[in-house]
1. For GLN199, work out the one condition from (1) touching a strand residue (DSSP E or B) at 6+ places or on another chain (Cβ under 6 Å); (2) loosely packed, with under 13 Cβ neighbours inside 10 Å it doesn't fulfil.
2. With the requirement that a residue be assigned to a strand (DSSP E or B) and without any contact (Cβ under 8 Å) to a residue 12 or more places away in the chain, what does segment 42-88 give you?
3. Failed condition for TYR96, given (1) touching a Phe, Trp or Tyr at 6+ places or on another chain (Cβ under 9 Å); (2) closer than 21 Å to GLU160 by Cα; (3) crowded, with 19+ Cβ neighbours inside 10 Å, with all others met?
4. Mind checking which residues of segment 218-244 are surrounded by 13 or more Cβ atoms within 10 Å (Cβ to Cβ) and of a type outside the set (D, E, K, R)?
5. Looking at segment 134-228, what helices (runs of 4 or more DSSP H) fall wholly within it and have at least 3 residues that are within 22 Å of LYS75 (Cα to Cα) and within 13 Å of the chain's Cα centre (by Cα)?
6. Can you pull out every residue in segment 121-133 that is at pLDDT below 95 and in a helix (DSSP H, G or I)?
7. Scan segment 167-177 and tell me whether some residue there is under 28 Å from ARG137 (Cβ atoms), surrounded by 19 or more Cβ atoms within 10 Å (Cβ to Cβ) and modelled with pLDDT of 95 or more.
Amino acid sequence: MIRLQGVSKRYKGASTHAVRSLDLEVKPGEIFGFLGPNGAGKTTTIKMIVGLLKPDQGRVLVNGHDVNAEAVAAKHSMGFVPDKPDLYPRLTGMEYLNLIGDVYGIDGATRRRRLQHYLEMFQLTEAAGDLIQSYSRGMQQKLALTGALLHAPALFILDEPMVGLDPKSSHLFKEIMRDHVAKGNTVFFSTHVLEVAEQLCHRVGIINQGELIACGTMDELRKSPGRAGSSLEKLFLELTDEGGSDEK
């Protein structure tokens, strides 16, 4: 579903790469957690996957499509929610969702059914007619998630998707992710909440200083001596040498 081949990116004026020689494959039917300290290269990687940034070197494939050479086909396969959704504040919630529906060519009956389902699920039905600028941070996150789910993409790409969600909405969204991959689809998400990643993910990848330093199932990550039974948090801190920091 996602394949990164030798992907590198260095920002203008930077002395080091944000991402260096990254090779990664994420398969259909799995929830993949992408973890790393702040500034490790997570968001840069995600932006290259969704086509917001072009890699300096390497190739990004989504559902068999080269993200740069076949941008429209690749993007039609995915739903993306960034860490800080940039919505249209002067549109109502419903106007925004209908705009998304028009972009993806979702027919009226399908659109109405999915909108009713997700708006009720995220308790946005009454607020759908209000301007987005009146929404709280959590409501905007729910609206962005609804927009990403609306065209039922094969791939969800989510940068810190739980931020701003109340406990009930977080629980519901976890169930959505599990149901999504049960149908043979894929979820790729970054998070600092390591407990969530450990509970949800079939595999995780850990990036640090622009390089992928570990990738696999929890059992695979625990194979090194002294790591048997370790939590993801403990493994993460050891691998990223963050043991003396409060950051996760």
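1. Of everything listed in (1) touching a strand residue (DSSP E or B) at 6+ places or on another chain (Cβ under 6 Å); (2) loosely packed, with under 13 Cβ neighbours inside 10 Å, GLN199 misses just condition (1).
2. Listed by number, the list holds a single entry, ASP66.
3. (2)
4. Answer for segment 218-244, where residues must be surrounded by 13 or more Cβ atoms within 10 Å (Cβ to Cβ) and of a type outside the set (D, E, K, R): MET218, LEU221, SER224, SER230, SER231, LEU232, LEU235, PHE236, LEU237, LEU239, THR240.
5. By residue number, 137-149.
6. MET121
7. no
The values are calculated or read from the model by the stated rules, or taken from the named source; none is laboratory data. Because the structure is a prediction, the values reported are computed rather than measured. Here the Cβ is made from the backbone with ideal geometry for all residues, glycine too, and neighbour counts use every protein chain on show.
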